[in-house]
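As structure tokens, the structure follows; a few thoughts come after it.
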Amino acid sequence: MEKEPLIDPIPVEVLKSELTPARKLRDTNKGHNEIYVVDWRSAPNTLREIGRLRELTFRTAGGGAGVACDIDEMDLMEKPYQQIIVWDPDAEAIIGGYCYILGPDVTFDEEGHARTAVGHMFHMSKKYIEEYLPHTMELRRAFVVPDYQSSKAGAKALFALDNLWDGIAAVMLEHPDIMYFVGKMSFYKDFPAPARDLLLYFIRKHFPDPDNLLTPMDPVKIETAPAILDLVLKDDDFKDDYRNLKDALKKLGTGIPPMINTYINASPTMRTFGTGIFREFGDVYDTCIMIAVDEMSEDKRVRHIDSYIRETAVKLLGRFPWLSKSQSDLEMRIADHWRLRRLRRVEARNRRIFSKKKQKGRKG
């Protein structure tokens, strides 16, 4: 399929006119960048630049939709995906982004499919829709522009991917009902088949889904015999098998894709739901994942969540110095308040699930 020429870059002054303080979410933890959240209503020109950069990035990696500007109906819905962007104030440029939709905003089409990126490729079980979806933050279209994917570009590039997690964590803290991140890990069709099978087998082995919450509509089958894969991925311990995987991929002349590497180290209890083929996006392989917010690794929690609490305390003391005698005291109070709100939401969710199961038991 012939690809359309990309649209021209949106002028910087136009972007800056839309990236107002009201749309700024936070400063990044590292790299001295800034996080903004926009959509088609609040920043239509910025959305076009996001679409241009997404298509540019995905084409460079071997995927992409082949369109001049990667914007689709999920970006333009009545309740659209929100766009998290990383802005480099020195270069005055968008260097990466993500988009998300919260479970309560998800709608369904006439056939009962969720109007989300996951719903487009995966069947959702009734258990998932009732017990998990209302508490999810679904992510899609993660990108870091090509110029910022190499460490040779300096600190801004080194932390670009990490900066995206700063944005995700901040959104989660603003919405205590959100208990799970759901998204897709992607790699491209030019990824060597033996390496692909090793990676998929590793993911399935260490991050299973015992409840069949989600299943791919167009599943990817592992072609290498399990007995052969077990010879390489021979350890039950995650860290040991992770080393086995890295060593094997290195011998095959490749490595774990950065985004996938980030996810598999984000939480020891991550669930994966199989891998499908995104036919409309360059036949990309997409593995659906779910991470419980409260079970993220300690490193990520400290780096992304605690840093946002610290930044919030600084802002509050700047405006209302009488709130607390010290910044550390206010940080503790903010953290305790957030944990209490989340605990109440978790208890309410569990009561609803228990009540439904009790009603079903009576009917049975």
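The values are calculated or read from the model by the stated rules, or taken from the named source; none is laboratory data. These numbers come from a predicted model, not from an experiment. Cβ atoms come from the backbone with ideal geometry, glycine included; neighbour counts cover every protein chain shown.
Test LYS189 against the stated conditions and say whether it is within 23 Å of ASP299 (Cα to Cα), charged (D, E, K, R) and in contact (Cβ under 8 Å) with a residue 40 or more places away in the chain. No; evaluated as a whole, the condition is false for this residue.
This table checks each residue for (1) of a type outside the set (Ser, Thr, Tyr); (2) touching a helix residue (DSSP H, G or I) at 6+ places or on another chain (Cβ under 8 Å); (3) over 23 Å from ALA91 (Cα atoms).
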position: GLU13; (1), (2), (3): yes, no, no
position: LEU19; (1), (2), (3): yes, yes, no
position: ASP27; (1), (2), (3): yes, yes, no
position: ILE35; (1), (2), (3): yes, yes, no
position: SER42; (1), (2), (3): no, yes, no
position: ILE50; (1), (2), (3): yes, no, no
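Scanning region 209-225 for residues that are surrounded by 13 or more Cβ atoms within 10 Å (Cβ to Cβ) and without any contact (Cβ under 8 Å) to a residue 40 or more places away in the chain, which turns out farthest from SER297 (Cα to Cα)? Among those that are surrounded by 13 or more Cβ atoms within 10 Å (Cβ to Cβ) and without any contact (Cβ under 8 Å) to a residue 40 or more places away in the chain, it is THR224.
Residues in region 65-78 that are closer than 23 Å to ASN163 by Cα and either part of a loop (DSSP other than H, G, I, E, B) or aliphatic (A, V, I, L, M) (or both): ASP70, ILE71. When residues in region 1-42 are screened for being in a strand (DSSP E or B) and either modelled with pLDDT under 95 or on the phi > 0 side of the Ramachandran plot (or both), 3 of them pass. Residues in region 274-290: is at least one closer than 27 Å to ASP177 by Cβ and modelled with pLDDT under 90? No, that holds for no residue.
If the condition is being part of a helix (DSSP H, G or I) and among the aliphatic types (A, V, I, L, M), then region 127-168 contributes ILE129, LEU133, ALA153, ALA155, ALA157, LEU158, ALA160, LEU161, LEU164, ILE168. Only residues that are touching a residue at least 60 places away in the same chain (Cβ under 8 Å), assigned to a strand (DSSP E or B) and over 15 Å from the mean Cα position of the chain (by Cα) were counted across region 274-302, and they come to 6. When region 79-100 is filtered for residues that are surrounded by fewer than 23 Cβ atoms within 10 Å (Cβ to Cβ), part of a loop (DSSP other than H, G, I, E, B) and either under 18 Å from the mean Cα position of the chain (by Cα) or free of Cβ contacts under 8 Å to residues at least 24 places away in the same chain (or both), only PRO80 remains. The residue list SER150, SER186, SER125 contains one member that is of a type in the set (Ser, Thr, Tyr), loosely packed, with under 15 Cβ neighbours inside 10 Å and more than 17 Å from GLN83 (Cα to Cα), which is SER150. In the set (1) under 12 Å from the mean Cα position of the chain (by Cα); (2) surrounded by fewer than 22 Cβ atoms within 10 Å (Cβ to Cβ); (3) more than 22 Å from ARG48 (Cα to Cα), THR136 fails one condition alone, (2).
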